[in-house]
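Engineer: This structure is in structure tokens; I'll ask about it shortly.
Every read-out reported here was derived from the displayed coordinates using simple, explicitly stated rules and does not represent laboratory data. Keep in mind it's a predicted model, so treat the numbers as computed, not measured. Virtual Cβ from ideal backbone geometry, glycine too; neighbours counted across all protein chains shown.
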Amino acid sequence: MAPKKHIVFDVVGTCVSFDAFYDRIDQILGPRLLAQNVNAKHFGYTWKEAAELEFYFLLLSERYTPYGEIFKAVFYRTLHMAGISNPREFATEAERDACQAAYSELEFRPGCVEMMEKLRGAGWTVWCLTTGDVKRVRGYFLNAGLEMPIENFVSCDQFAEVDPVTGAKKGVYKPMMAAYRPMLKLFAEEDEKWFAAAHMWDVSAAVKAGFRGAYCTIYDKEPCIEIFDTKLDV
């Protein structure tokens, strides 16, 4: 039997953009932010990056907290760090929640659907590996009109192990090697196995685990390859 061809995609930031999230912030808070010399896109980026930092810090101290809760909690702190002197007077909780809701309404990047259809037509099996919730991530595909078998959506949580002593579940999240190596084992040794992402931290970790790497600058813009020390195929 001929070797099969597999390509695993990151989804959020790669296949779908954050534009809907940034646009919502601009619609709700844009004029007020600009009056403080703060760009809506930059605020949105800073807000989500701050939430991701706290998410992983809590994980490292064995205090898992759902990302959505952290995202909500750091909103006013992020406003403060942006130079807003009275964040809770600047924006209401309802406005914060409306901005956050757009995170579930992200849309596919132009050309992404066509790209995946071409890959399938050329004999590739398309997969998605996500740290996020599969239901939410699959929703991005359905909203774009792209059918994808549910079994081709893989959550890092599927690779979590239970501590035999304490019974506690050990979470698995990208870019842990424990997220990529079990994914590789889903494929035969002789198969082609590629990982594609627009996050250098993601694709470089996948390459370290054993994938061939395809990187796109659509999100990072600057790959900062000097800190990742990774040779990519594409």
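Engineer: What does the extension gain come out to for Lys185 and Ile150, with contour length at 0.36 nm per residue minus their alpha carbon separation?
Structural biologist: Value of the extension gain: 10.7 nm.
Engineer: Just want to confirm a number: the relative contact order over the chain, from Cα pairs under 8 angstrom separated by 6+ residues, in percent.
Structural biologist: Computed over the chain, the figure is 25 percent.
Engineer: Of the listed peptides 192-198, 57-63, 142-148, what is their order by residue-averaged count of other C-beta atoms within 10 Å, with the highest listed first?
Structural biologist: Highest-to-lowest ranking by the protection proxy: 192-198, 142-148, 57-63.
Engineer: What percentages make up the Cα-Cα pair-distance distribution of the range 123-234 when the bins are 5 Å wide from 0?
Structural biologist: 2, 11, 19, 21, 21, 15, 8, 3, 1, 0
Engineer: Taking a threshold of 25 Å on the Cα-Cα distance, which of the pairs Lys135/Lys169; Lys4/Lys208; Lys170/Lys221; Lys174/Lys221; Lys5/Lys185; Lys169/Lys231 fall above it?
Structural biologist: Lys170/Lys221; Lys169/Lys231
Engineer: Which angle between 0 and 90 degrees, to the nearest 10, do you get for helix 200-209 versus the longest principal axis of the chain when only C-alpha atoms count?
Structural biologist: 30 degrees
Engineer: Moving to a separate point now. How many angstrom lie between the C-alpha centres of the range 11-32 and the range 41-63?
Structural biologist: The range 11-32 and the range 41-63 have Cα centres spaced 17 Å from each other.
Engineer: Suppose every Lys and Arg Cβ carries +1 and every Asp and Glu Cβ carries -1, with no other charges. What dipole size does the chain come out with about its Cα centre, to the nearest 20 debye?
Structural biologist: Here the chain has a charge dipole of around 140 debye.
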